[in-house]
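Scroll down for the structure; my scribbles are underneath it.
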Amino acid sequence: MGYLFELDTPVIVALVVSFYVAAGGQLLHVLFLSTRRGARPFSLVKLYEVLLFVHLLLAAATANSVHSSYGVALFRLKAFSFPIESLLWIDAVAALLGLALAIAYRRPIMTSEIALMALITPPSIGMLGHLVPYLLIGDAAFFVFRVGAALTLDVRAGRRSVSRLSIIDSIRALPEGVICADDEGRILFMNESMRSCLTALGFAGDLAETRGVWDDLEEMANKAEGGADAVLPEGIRLEISPDETRLFMRDRVRLGHKEYRRMVAFDVTEEESINSDIERMNHFLDVANTELVAAVENAREVSRNEAILRMRSRVHDTVGQRLSILHRYLEDDDPDPEKLACVVDLARTVVEDLAEPDDIDAEGALRAIESSFSLVGIVISVEGPLPCRPEVAIAFVDVVREAATNAAKHGQAHRVDVRLGESSGCYTLSVQNDGPAALGEVHEGTGFPSMRQTLARVGGTLSIVSTSPFTIEAQAPCAPPHEGEDQ
């Protein structure tokens, strides 16, 4: 170590400054490692970095001894002094630990510092002789660079990673209010969000303990009439302001080896707004459901009434037709016994014909009408095809049946002429009989209203010409009415 005293003063001063700066930077690096959190255990890494800090302190003490012209390298601590050369065995421990870490973490970049640590040990210094000053200069230059690079990486890592300090800063910036206290109620931590909530509720801004705070919050919620305030199983909901609602919850949390009381105030303003909207929507749905039930019941009543009207119409048409045929047959001066069997069959099938079939064959029904009335000598002549719209064709057949029944019952007719056609976008129907002209005004009983109702369902109309020959005229549109139009 004696060769160090041959160095020039500026070089020695530079070494002293470099080693002290490097030692200070290394201490900051160790502190950064202590606050950093990660999955990898840092105990051995921290020990290695601490040994590097001790190495830099010893190097700084060595340079300072040379600068102070002690004549020997000493580590001075107030009244005590230790020969530095015997303390340099710490570098051997650091070199061995560094080698183990380099192998474990596969860090060949650590080779340079491990070599320097191994060279600055008592045996190596004894062998190097006059090269020791250059070794010390190289050591200072290397560790100034290493510490600077380590601090730069620490700053970058600190911006990306989570440390104890950054966790506290994050809690302070949380929108949720947080307060922690010990079992005696003394507040250990309270962020600004919780402080502003409690202040808005009337608590002191410099609140020092939490004893009685929860009971006061419960009392506020119980005294409130209406609104969002309520004591719930999960906590206490309070309206901080017209635009803010908070849910206060409490529990116990373990920090280190001790449990503490924690109270959190969650902002549930948006949830309350959504709940209010849901309640309004539920009320609207209840009202709509009530109206819908009433509408369905009304529709059922209308449907029942329509079914009754249809049955009444079918009873009138079917029974009236059969009775008219039977009446004409009985009035015949010379009834034909063979036709009697057919008339009896018509009477027997009245109940079957009253049933409303699922699929009505308009052509077949029209031929059946012709055949039935021919039994009593009434000829029904049909000219033209039935309409292409099935519902109009069925309606026209019903009109023909009712017109033929009226001709047989009231007109004493022997011939009924039916003309089917199409004109100006409408299907037309004309039914004439050769009975005598009506005397006076025609009284519409059940038959004519039934025919009008039948035609109205397909958008058609009915007109009567009571002069001789007695004529019933009907028309219905070729195209179905658009949805929403009155039929």
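Bear in mind that the values in this text are calculations on the coordinates, not laboratory data. As the structure is a computational prediction, the values presented were derived from the model and not from experiment. Note that each Cβ is placed from the backbone with ideal geometry, even for glycine, and that neighbours are counted across all protein chains shown.
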Requested in this report: With a/c under 1.5 counting as rounded, go ahead and sort the stretch 83-151 into rounded, prolate or oblate using the C-alpha gyration tensor (a ≥ b ≥ c being the square roots of the eigenvalues; past the cut-off, prolate if a/b is larger than b/c, else oblate).
Outcome: oblate
Query raised in the report: Once amide H atoms are placed 1.01 Å from N in the peptide plane, what residues at a sequence separation of 5 or more from residue 478, or on another chain, have their amide H within under 5 Å of its amide H?
Result: 426, 427
Query raised in the report: By the gyration tensor of its Cα atoms, with a ≥ b ≥ c the square roots of the eigenvalues, what is the shape of the stretch 174-267: rounded for a/c under 1.5, prolate for a/b over b/c, or oblate?
Result: prolate
**Report entry** Computed label-point distance, nm, for sites residue 128 and residue 452 using a 7 Å Cα→Cβ extension
**Finding:** 12.6 nm
Report summary line: Once both label points are put 7 Å beyond Cα along the C-beta direction, the residue 280-residue 465 separation in nm becomes 6.6 nm
Report task. DSSP loop (so not H, G, I, E, B), at most 13 other Cβ within 10 Å: list which trypsin sites (Lys or Arg not before Pro) in the stretch 196-259 pass both filters. Result -> 211
Query raised in the report: In whole Hz, what ³J(HN,Hα) sequence does the stretch 99-109 give by Karplus (6.51, -1.76, 1.60; θ = phi - 60°), x for Gly and Pro?
Result: 5, 5, 5, 4, 6, 5, 9, 6, 10, x, 5
Report summary line: Given a Förster distance of 56 Å, the FRET efficiency implied by the Cβ-Cβ spacing of residue 142 and residue 208, rounded to the nearest 0.05, works out to 0.60
Query - Rounded to the nearest 20 debye, dipole of the stretch 93-226 from Cβ charges on Lys, Arg, Asp, Glu - result: 1220 debye
